[in-house]
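Peer 1: If you scroll down you'll find the structure; I have some questions about it.
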Amino acid sequence: MQSWPGPAIPKLPGRGLPLRLYDTATAQVRPTAPGDTARMYVCGITPYDATHLGHAATYLAFDLVNRVWRDGGHDVHFVENITDIDDPLLERAARDHEDWMVLGMRETALFREDMTALRIVPPQDYIGAVESIDEAAALIVALVDAGVAYRLEDGTGDVYYDVSRSQRFGYESRLDSEAMLGFFAERGGDPDRAGKRNRLDPHLWRGPRPGEPFWESAVGPGRPGWHIECTAIALNRLGMSFDVQGGGSDLLFPHHEMSAAHGESVTGQWPFARHYVHAGMIALDGAKMSKSRGNLVFVSRLRGEKVDPMAIRAALLAGHYREDRPWTASLLDEARARLARWREAVALDAGPDAGLLLDAVRRQLADDLDTVNALSSVDRWATEALSRRGRDPGAPQLVRDTVDALLGIALSR
Ligand code: ZN
């Protein structure tokens, strides 16, 4: 799948600090310890609707992970999927009397535009579900051969994963079985499907159904489930025990738990990822932004209204990535005012020492992406610069580069 063009990232003097991130599986902020090449997988969208601010907040959080690692001297192998075949896409296409493939292509194109406008560093591997069907099928065959997956005997061709055969099932989400069942039913699972061994068993493969697209594969005709799609795409490009598995907090269970269990069962190795990192949800008018509630603010709509994408970026980074937080008109106004001050300050011909600011921003971002304090640090520098304190002629350019490279905010227009 075609990715999107990457923004130029200025090289900063010196080197950034090792990144510490909150890991859901161990419930603590722990150092990431990547090798020369840091490996990150972030779960992508299902392209049946446009990118909303909740998506944007998630991809921004992992964009900062990417930028902090690069500043620390690592290469970054970043992989993202796009679920371009799944039930929600087919349901939306049927509702709107549209071809599911055309709908998916259109929303994927819009997503690329939004990511480009927000200056998200693109993945090296941007992989669609359809183009990776053979990869998922190969894993499913291996799981069936190992006895940890089974085909239902009802003639549908559907294949399920047996969660009771996973050695450490539940370690990623740390939920009790009641909470797991609740989320499973709420988020696409089918606890009451007849013929399953365990209520929490997720489907790996859906056999052909009338009116639905299907593909021939080593498992037979049909299409893969969502969890095995991510397992296959991640494993085949990053291998086991990659550094960060990322997504919104609504992927905590079942999606990330199941993807990890599939990968661990098929390889016999543990863990699937070293850190499981989850971004908080963005709310509007007191409720989480979600398709089912219809309270979505689309990035493309804001772009259409000529909102500066850097203001969207600054507004979302003004809260900590793990917090559920509201989107409000005043949040966007404050971000615009902040950007205007920063732009005025970096247009001066001198300012206070920017090396100190660079150190502060590096330290704050390395501490579980503390953007709240990082933005305040830039504010303080700008305030001092605008009150004509500081005579370093190189400072405005270094601040421009710092804000660009680490926060992804371009101050030039
Ligand atoms: Zn995923």
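Peer 1: If I ask for residues that are surrounded by fewer than 17 Cβ atoms within 10 Å (Cβ to Cβ), small (Gly, Ala, Ser) and within 18 Å of residue 250 (Cα to Cα), which ones from segment 171-213 would you list?
Peer 2: Result: 177, 179, 182, 185.
Peer 1: Against the conditions (1) within 16 Å of the ligand (Cβ to nearest atom); (2) β-branched (Val, Ile, Thr); (3) touching a strand residue (DSSP E or B) at 6+ places or on another chain (Cβ under 8 Å), where does residue 299 fall short? Just the number, please.
Peer 2: With (1) within 16 Å of the ligand (Cβ to nearest atom); (2) β-branched (Val, Ile, Thr); (3) touching a strand residue (DSSP E or B) at 6+ places or on another chain (Cβ under 8 Å) applied to residue 299, the lone miss is (1).
Peer 1: Could I ask something else about it? What is the residue count in segment 71-82 for residues that are touching a Gly at 6+ places or on another chain (Cβ under 8 Å) and surrounded by fewer than 21 Cβ atoms within 10 Å (Cβ to Cβ)?
Peer 2: Residues flagged as touching a Gly at 6+ places or on another chain (Cβ under 8 Å) and surrounded by fewer than 21 Cβ atoms within 10 Å (Cβ to Cβ) within segment 71-82 amount to 2.
Peer 1: Also, I was wondering about something else. Among the residues of segment 349-367, what is the count of those that are part of a loop (DSSP other than H, G, I, E, B) and either within 27 Å of residue 28 (Cα to Cα) or in contact with a Phe, Trp or Tyr (Cβ under 7 Å, 6 or more places away or on another chain) (or both)?
Peer 2: Of the residues in that region, 1 qualify.
Peer 1: Quick test for you: out of 400, 341, pick the one residue that is surrounded by fewer than 17 Cβ atoms within 10 Å (Cβ to Cβ), of a type in the set (Lys, Arg), in contact with a helix residue (DSSP H, G or I) (Cβ under 7 Å, 6 or more places away or on another chain) and touching a residue at least 12 places away in the same chain (Cβ under 8 Å).
Peer 2: From the options 400, 341, the qualifying one is 341.
Peer 1: Hey, among 288, 306, which residue is touching a residue at least 40 places away in the same chain (Cβ under 8 Å), of a type in the set (D, E, K, R), more than 13 Å from the ligand (Cβ to nearest atom) and surrounded by fewer than 24 Cβ atoms within 10 Å (Cβ to Cβ)?
Peer 2: Going through 288, 306 in turn, the sole match is 288.
Peer 1: Still on this structure: Every residue in segment 243-267 that is away from the ligand (no atom under 13 Å from the Cβ) and either at pLDDT below 95 or farther than 14 Å from residue 143 by Cα (or both), please.
Peer 2: Those that are away from the ligand (no atom under 13 Å from the Cβ) and either at pLDDT below 95 or farther than 14 Å from residue 143 by Cα (or both): 243, 249.
Peer 1: So which strands (runs of 3 or more DSSP E) are wholly in segment 9-102 and hold at least 2 residues that are hydrophobic (A, V, I, L, M, F, W, C) and at negative phi?
Peer 2: Result: 37-42, 75-82.
Peer 1: Say we look at segment 268-282 and pick out the residues that are of a type in the set (Gly, Ala, Ser) and within 16 Å of the ligand (Cβ to nearest atom); which of these is nearest to residue 293 (Cα to Cα)?
Peer 2: Step by step, filter segment 268-282, then rank; the result is 279.
The values are calculated or read from the model by the stated rules, or taken from the named source; none is laboratory data. Computed from a prediction, not measured in an experiment: that's the story for all the values here. Note that we place each Cβ from the backbone using ideal geometry, even for glycine, and neighbour counts take in every protein chain shown.
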